[in-house]
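Below is one structure; the comments refer to it alone.
The numbers here are math on the coordinates, done by the rules we state, and not lab data. This is a predicted model, so every value here is computed, not measured. All Cβ positions, even for glycine, are placed from backbone atoms using ideal geometry, and neighbour counts span all protein chains on display.
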Amino acid sequence: MNDEKPSWNNESVHPRAGDTAVSWAEAKAWFVRDVLPLEAMLMRFLQRNCRNTSDVEDVRQEVYAHVLRAAEKSLPERTKPFLFSTARNVLIDRLRRENVIPIDIAADLDLTVVPSEEPGPERAVFARETLRRLQLALNDLPPRCREALILKRVEGLSLQEISRRMGISEQAVSNYVQRGIFALADQLYGEQSAIGGEHDLT
Amino acid sequence: MISPDLPPSAKPVREEAAAWLLRTTAPDWSAKQQKQLDDWLSASEFHRAAYWRLEAAWKEAARLAAIRPSKPDRAQAGKAFIRGTFRAIAAVAVFAIVGIGGYQIYSRPDVTVYATPVGGHRTLTFPDGTIIELSTNTEVSIANDLTRRQAWLTKGEVYFQIAHNPDHPFVVTVGGHKVTDLGTKFLITRGEKRLEVALLEGRARVETINANGPQRATELTPGEVAVATADTMSVTKRPVAKLSNELGWRKGLLIFDGTTLADAVSEFNKYNVEQIVIRDPSILKLRVNGTFPVHARQEFADVAHAVFGLRVKAQGNETLIFK
């Protein structure tokens, strides 16, 4: 697995410069299709291995940025081992950076354990599961927040119109909808309701 | 291995990504803003990861549809709506209906989203002969199962030429309104605050489906234009020739016939990244005639100069017109 270590210490990539092997569109399609469905698994892995659970989202973001940057050079053949070896490297780097523990102890951490294969959902089940998760996300939102999100996403109303209907400022509508977007993404990909609780923008 | 800069923390990046995503949903989202977004995405893979993740979730949320407050007085209407539109996938609908705090949520059938950028134009032709044409900066979702004959206009302007089927009318949902074809050619324009439905041929019904507000419905005959806001609906008559002018974009043309300079300029600005700005309120009401290709911004400015003696000046991305 270590041979799949990502190489993110290259010069910065400008994906629009045309000098990269993988287009933005391809990298994005790979990220959405192959990486995001692994997020729940990744989150469990990170929660097990992060010293501070409030860091989990920062670590996840760093892992995503690294896999994306590597994939924009060349798409990995097997996404899962690549994602988890990257996660492992990111965790070790963070430990070093924080200077919390000597490097040799990092080797003892339970970082090599990559979750075992879980059966992938069938396609038909997947669509239903998606809908169920969207509903769960909506369920967990405070009513006003939910209302703003529905008016925006489902009714397609403008922020101004929603602001008028709900009798709150456009900024407040925008905050509600943003919070709703985070909840949708967390529920769809991370399935982490505990993380969802942190999304207070007020 | 360690980059010289510490990675950004997730929260601010995520918030910025969500703010961008939200901006892209505005009706006046422009190619200029798209370029700014692309620049922001180019700046960092952290931005791309955060943005693409939220964008993917936002797209999935297109599955949510037809949410109505489950008030007792509306319950019947809501059920009728569901019976009509969801019979074909009753099995799915049954499990999909979930009551949440006064709302009922139904799944939207599988849709394909078609979109055009600023200045774009796209024609969709369907096996039954139905033609759907998207104008500039437009997004429309169409049910994949074509026998459902359903579409949702999220933003922009769409010309519908519907192959009529009396048993299965074609229904277009636009925010809190729906437009039902009764054998029709019509044009729907979704603006920031108002919806316009112009009927060229046949008949069409426009009605509110927003259970909170007053219920309004009207049936259009050719030459009639329904203008609906959240609270009002009115019908005006326009000569069919004038309506055809409004459809000039289908041929890549803007057709002005006694159009005010203000309206003409706002039409050009819909189709072009480079904007025309009128610096002088006193000339807004000048009347313009003529036919211009949608991108012939410069030619239009030249004519304004030649015909009205107005002055024209290029400044950055803008063309200023003043007395």
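Points to keep in mind about this one:
- Cα shape, the stretch B:104-166, gyration tensor, a/c 1.5 rule: oblate
- Averaged over the residues of A:31-37, the number of partner chain Cβ atoms lying within 10 Å of the residue Cβ comes to 3.
- Cα centroid separation, the stretch B:1-51 to the stretch A:24-57 (Å): 18
- Between the beta carbons of B:Arg23 and B:Asp145, assuming R0 = 30 Å, the FRET efficiency works out to 0.40 to the nearest 0.05.
- Computed from backbone phi, the HN-Hα couplings of the stretch B:312-319 come to 10, 9, 8, 9, x, 8, 10, 10 Hz, rounded to whole numbers (Karplus: 6.51 cos²θ - 1.76 cosθ + 1.60, θ = phi - 60°; Gly and Pro given as x).
- The gain in end-to-end length when the B:Lys11 to B:Ser244 segment is fully stretched comes to 78.9 nm, 0.36 nm per residue minus the alpha carbon separation.
- Each residue in A:Ser74, B:Ser9 was given a count of other beta-carbon atoms within 10 angstrom of its own, and listing them fewest first yields A:Ser74, B:Ser9.
- Theoretical FRET efficiency, 1/(1+(r/R0)^6), r = Cβ-Cβ of A:Ser23 and A:Asn52, R0 22 Å, to 0.05: 0.05
- Placed amide H near B:Thr259: partners under 5 Å, 5+ positions off or other chain: B:Val288
- Rh (Kirkwood; distinct C-alpha pairs) - the stretch B:191-271, Å: 14.1
- Applying 0.36 nm per residue to the separation of B:Lys313 and B:Gln36 and subtracting their alpha-carbon distance, the gain on full extension is 97.3 nm.
- For the stretch B:138-152, Karplus couplings with θ = phi - 60° (6.51, -1.76, 1.60), whole Hz, Gly/Pro x: 10, 9, 9, 9, 10, 4, 5, 7, 5, 5, 6, 6, 10, 9, 10
- The base-10 log of I(q)/I(0) for the stretch B:105-243, evaluated at q = 0.11, 0.16, 0.18 Å⁻¹, reads -0.36, -0.80, -1.04 [Debye formula, identical scatterers on Cα atoms, solvent excluded].
- Per residue, the Cα convex hull of the stretch B:223-266 amounts to 102 Å³.
- Average beta carbon contacts from partner chains per residue of A:65-75, 10 Å cutoff: 3
- Burial ordering of A:Glu170, B:Glu207, B:Glu224, fewest other beta-carbon atoms within 10 Å first: A:Glu170, B:Glu207, B:Glu224
- 3J(HN,Hα) along the stretch A:71-83, derived from phi through the Karplus expression 6.51 cos²θ - 1.76 cosθ + 1.60 where θ = phi - 60°, amounts to 5, 6, 8, 7, 5, x, 6, 10, 5, 5, x, 5, 4 Hz, with x in place of Gly and Pro.
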